[in-house]
């Protein structure tokens, strides 16, 4: 007989947990007050970079190791994963940042101007050297969420907007909304832009290093790019500041002047859920299991945590990121 589970929250974490449980034959109900994925979810505004090695520049080794699981997992879920690597550049005055990045990210190899020209012709001539991480990938978060939602619906997962629709083991994946029960959860505000620039062509995510405000640009196809993202200690989810938007635009223009003529399509704002140490947790109280604190690594870490949860509830295996809460 299949087990019964109710997952709260249909963002990237909730959908990933549902996929992991459904893949093991469990009966799953997924409850979200808004329903299908959309702009109400933090993961809607994600960059979609599956870049564990680059994240190792500032994240803990566990994030790198667990994140390496993500690319193949998303591909198995039917996501369109672009395996183009990541290029990392710096302006002339910030070349020291490149050397620091190379020391902290062993997987990053140096590219000279000829290699830059071969990989990213539109950056040719602007940068004499760069770093390239070959195994990293990216996806379109919105298409991925929508496609996974539709696939799970077809695979028998029940989606409900009724908060009282609770049966079996409750698995709480509500992100920042879970602060009502997780008082140590905090918000980290992120702002991003979506632009259209037909005069610039990038084949992969490009990171522009800066001592104060790093930028990444992710191609979405058809001249559309996602620019991100700020990182501000705030739980505010709705207000982009002029300063942040200006810094994103200026950084993109510094990367390539063609972005100065880009059409601004969207300004996105949300707050990422994080614990004090910015590490994810699988926590257990008397009545529910929490999966939370993915910080800015939602698409990168959701697959690993989802499989850990499935191993816990199906096989009794203690997760690596386990935290027993005796409240």
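The values are calculated or read from the model by the stated rules, or taken from the named source; none is laboratory data. This is a predicted model, so every value here is computed, not measured. Every residue, glycine among them, receives a Cβ derived from its backbone with ideal geometry; neighbour counts consider all protein chains shown.
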Just to check your reading of the model, which residue among 254, 240 is at pLDDT below 95 and closer than 15 Å to residue 217 by Cβ?
254
In region 228-239, is there at least one residue being within 18 Å of residue 203 (Cα to Cα), buried (at least 21 other Cβ atoms within 10 Å of the Cβ) and assigned by TED's automatic domain parsing to the domain that holds residue 192?
yes
Would you confirm whether any residue within region 109-117 is surrounded by fewer than 17 Cβ atoms within 10 Å (Cβ to Cβ), assigned to a helix (DSSP H, G or I) and either touching a helix residue (DSSP H, G or I) at 6+ places or on another chain (Cβ under 9 Å) or touching a residue at least 40 places away in the same chain (Cβ under 8 Å) (or both)?
yes
Does any residue of region 42-62 turn out to be in contact with a strand residue (DSSP E or B) (Cβ under 8 Å, 6 or more places away or on another chain) and at positive phi?
yes
What's the total number of residues in region 25-72 that are surrounded by fewer than 19 Cβ atoms within 10 Å (Cβ to Cβ), closer than 19 Å to residue 173 by Cα and touching a residue at least 60 places away in the same chain (Cβ under 8 Å)?
7
Any chance residue 167 is surrounded by 17 or more Cβ atoms within 10 Å (Cβ to Cβ) and over 25 Å from residue 78 (Cα atoms)
no
Of the residues in region 1-40, those that are over 26 Å from residue 274 (Cβ atoms) and assigned to a helix (DSSP H, G or I) number 1
1 or more residues over 20 Å from the mean Cα position of the chain (by Cα), outside the structural domain of residue 25 (by TED's automatic domain parsing) and over 26 Å from residue 314 (Cα atoms): qualifying strands (runs of 3 or more DSSP E) within region 148-210:
186-196
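Please count how many residues of region 232-246 are over 21 Å from the mean Cα position of the chain (by Cα) and within 15 Å of residue 212 (Cα to Cα).
Adding up the residues that qualify gives 2.
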Against the definition (in contact with a strand residue (DSSP E or B) (Cβ under 7 Å, 6 or more places away or on another chain) and either in a loop (DSSP other than H, G, I, E, B) or within 19 Å of residue 137 (Cα to Cα) (or both)), how does residue 213 come out, yes or no?
no
Given (1) in contact with a helix residue (DSSP H, G or I) (Cβ under 8 Å, 6 or more places away or on another chain); (2) assigned to a strand (DSSP E or B); (3) at pLDDT below 95, identify the lone condition not met by residue 289.
(3)
